[in-house]
1. What is the gain in length, in nm to one decimal, between A:Ser141 and A:Ser493 on full extension, counting 0.36 nm per residue of separation less the C-alpha to C-alpha distance?
2. Under a 1.4 angstrom probe, counting protein chains only, how are A:Leu357, B:Leu137 ranked by accessible area, largest first?
3. Expressed as cubic angstrom per residue, what is the convex hull volume of the alpha carbon set of the stretch B:118-176?
4. Can you give the FRET efficiency to the nearest 0.05 for A:Ser435 and A:Ala28, using r as the Cβ-Cβ distance and R₀ = 41 Å?
5. Given a Förster distance of 56 angstrom, what is the FRET efficiency for B:Phe134 paired with B:Thr81, based on the Cβ-Cβ distance and rounded to 0.05?
6. How far apart, in nm, are the 7 Å Cα→Cβ label points at A:Glu82 and B:Glu46?
7. Taking only Cα atoms, what is the 0 to 90° angle, nearest 10, from helix A:163-177's long axis to the longest principal axis of chain A?
8. Residue by residue through A:150-158, how many Cβ atoms from other chains fall within 10 Å of the Cβ on average?
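The values are calculated or read from the model by the stated rules, or taken from the named source; none is laboratory data. Keep in mind that what you see is a predicted model, and the values were worked out from it rather than measured. Note: ideal-geometry Cβ built from the backbone for every residue, glycine included; neighbour counts use all protein chains shown. To get the accessible areas, we keep the full protein, side chains included, count just its heavy atoms, and leave off ligands, DNA and RNA. Shrake-Rupley method; radii C 1.70, N 1.55, O 1.52, S 1.80 Å.
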Amino acid sequence: MWLRRQGCLRPAGCGVEELRRRRREREAALRKARREQQLISKRLLRDDAPEEGEGGCVAVILGQAEIQQFLQLAQRGTEEKERGRALVSLRRGLQHPETQQTFIWLEGSMRTLVGLLTSNQALLQLEAARCLHELSHSEQSAVAEACLPATSYLLTYLSGHSSDFIELCLYTLGNLIVESEAVRRQLLPQGIVPALAACVQSPHVTVLEALGYALSQLLQAKEAPEKIIPSVLGSTLPQHMLQLLQPGPKLNFGVAVEFAWCLHYITCSQVNNALLITHGALSTLGLLLLDLAGAVQRTEDAGLELLACPVLRCLSNLLTEAAVGAVGEQMQLRDERVVAALFILLQFFLQKQPSLLPEGLWLLNNLTANSPSFCTSLLSLDLIEPLLQLLPVSNVVSVLVLTVLCNVAEKGPAYCQHLWPGPLLCSLLGTLAFSDTEVVGQSLELLQLLFLYRPEAAQAFLQQSGLQALERHEKEAQLQDRVHALQQTALHS
Amino acid sequence: MQLPPAVHARLAGGPGAAEPLPVERSPKAGAAPFRFTARQVRFPREHEFFEDGDVQRHLYLQDVLTQVAGAPERPRVPEFTCQVAGCCQVFDALEDYEHHYHTLHRNVCSFCKRAFPSGHLLDIHILEWHDSLFQILSERQNMYQCLVEGCTEKFKTSKDRKDHLVRRHLYPADFRFDKPKKNMSPATPRATVQVSAEALGAEGEQVEGDAMEVCSEPAGERHTAGRRVLFVSEYLLPSVLVKGHHEDLKAPRKEINTSDD
């Protein structure tokens, strides 16, 4: 269940270094896009099998005349196989942006394609759908928007039964959805949400993964919190999504990744998280987290963070709802194993994906902030030292680690007794040497709590040249007052 | 990062919460100039905190060449013919057959042989085209249901329904699965039409006839009123198609006796 479908992205003649370079470029482009709030990614479904002896799938630029020729042959050819081949040739051409442009500006072309999509010839339907899929993948809005006449049919076909075809329609819809608000403004009244809700009961894993993708694109839209999420929450989708995230023999990784992201887009929009909690989201996701930690222990598969990330985010955001007190006791996450699982994941992130450490620590903060029980778990499971080992990673991580430690310390003397004696003081002397103001500031907060509830620690601090460590920051505007206060406390201890 | 063995052991253990140590706060804690308060944090959608994870997610999506349908290549089988009576299609791969079957034979009207993409549309069709009671009732109440799943509106006439589909649901005015009914007796099976390229019309326009025509069938083939009937050979269908839908599917191929009207 934890095996992913392997993608075969390997352009011919590409060395490892080249691949890394391309990946860095793509990553940089994505970061830029996200900062401009234009993060769009489309999924392309392409057959791997080389077709009929032709060497590889090379995108060919087709001119107007050729496109017309292929369309005519597809429409009026005498033999179905011949007509199908014409569409295959068209599709190859449509892999190229120039052909796409020529196609959409050619009068009657889309109408013909839609006619073939809705024809009674299964093979032509499938090939026409593949052509449409290529178009939907285009990065040029005009091309994707040219596919609008087909959407009512794509939605209608979601209620069909042919799993390959439905999968194709879903990926096509997913690509179109993410393209522009204009497309979504058409799809929503056309009934995309009920269509997806009906489709989620499919037994086919490939259909479900495609559905999750399409839904995640819909939920990621800018206008989703006002215009889309309420109707999604009002449908049967939430219950089904949570069912598909339940750990067990039926859990499929690819499907779970998509629906976990769907859930993340819903929860971080803060539309009606209480509803999700009544459906058992906290306990389902908590169990999934345990399962993930177990998988990490067994396989160390580098792909697991794709699922871990949205799960952590959902839990973190949902916990803030539960704390608002709207829900009964049994719905809230209390299981100590969650803390154990989280640390196993943090260790995994440290090795494979350090950029996810802040997200894991965010969950730890939300677990411990108002929970004496979870703070106690941190102490009884001996997790303070591992936490301290994360301090050198980055400033953001340091601040979060220190915040969690503050969560523990602020609960009083019984907790601070376990914080000192111990490695904490030494680490704090270390963080006081950081240049980042926020790191130092949070260190000062922790010191105050420690000195308050464990006065002996102040003495030890003095003995370990603590005052000198503090002096360094006496002139810093944001820190001065606290530095002075601590100096006083230490001296009077 | 070293984790104590207790952690792994705890994960493998049973559910349970730690008995909390006693909490005892002093009012001096977090007092000015200090400001720490333990609190949960929320991040809204677009917060930059999510940047790294979002970028990873999209790199995954862009990993473009994913394999279709799970199997790396479609296994070829010896050529076989579709066993539905009168269908002449030949296949050498089960997936092709699956799509063919679902497109042309799955939701077929037993009266007029039209095939529909879904059971939902077929049901509506049978009701509106072949049910005489429908005609009578529709004179008194709104009987034409909206085609969009999830919409519960009903209309007096098929034209009103079409207007609704266009205005409310932004459907195309020439939506192919909403052809107005031809003027004919509801219970008469329509003569079947040979499927050919000509059916699509000289200009590539859909002919004014009906959207889905089924492959030609030999004359004299008729079906009992009101039932969707499928001819199926149990030897041929991949198991995925036989999943518990219709009891007829489990029976070997048989012909249905018909009445003569």
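1. Values: separation 352, 0.36 × 352 = 126.72 nm, distance 6.84 nm.
Here the segment from A:Ser141 to A:Ser493 would lengthen by 119.9 nm.
2. Values: A:Leu357 0, B:Leu137 60 Å².
Reading off the accessible areas and sorting them downward yields B:Leu137, A:Leu357.
3. Details: hull volume 4.8 nm³, N = 59.
Cα-based convex hull of the stretch B:118-176, divided per residue, equals 82 Å³.
4. Details: r = 27 Å, r/R0 = 0.65.
In this case the efficiency is close to 0.95.
5. Details: r = 37 Å, r/R0 = 0.66.
After rounding, the FRET efficiency stands at 0.90.
6. 5.6 nm
7. With rounding to tens, the tilt is 70 degrees.
8. Details: counts 1, 3, 11, 6, 0, 4, 12, 4, 3.
Average neighbour count from other chains, rounded to a whole number: 5.
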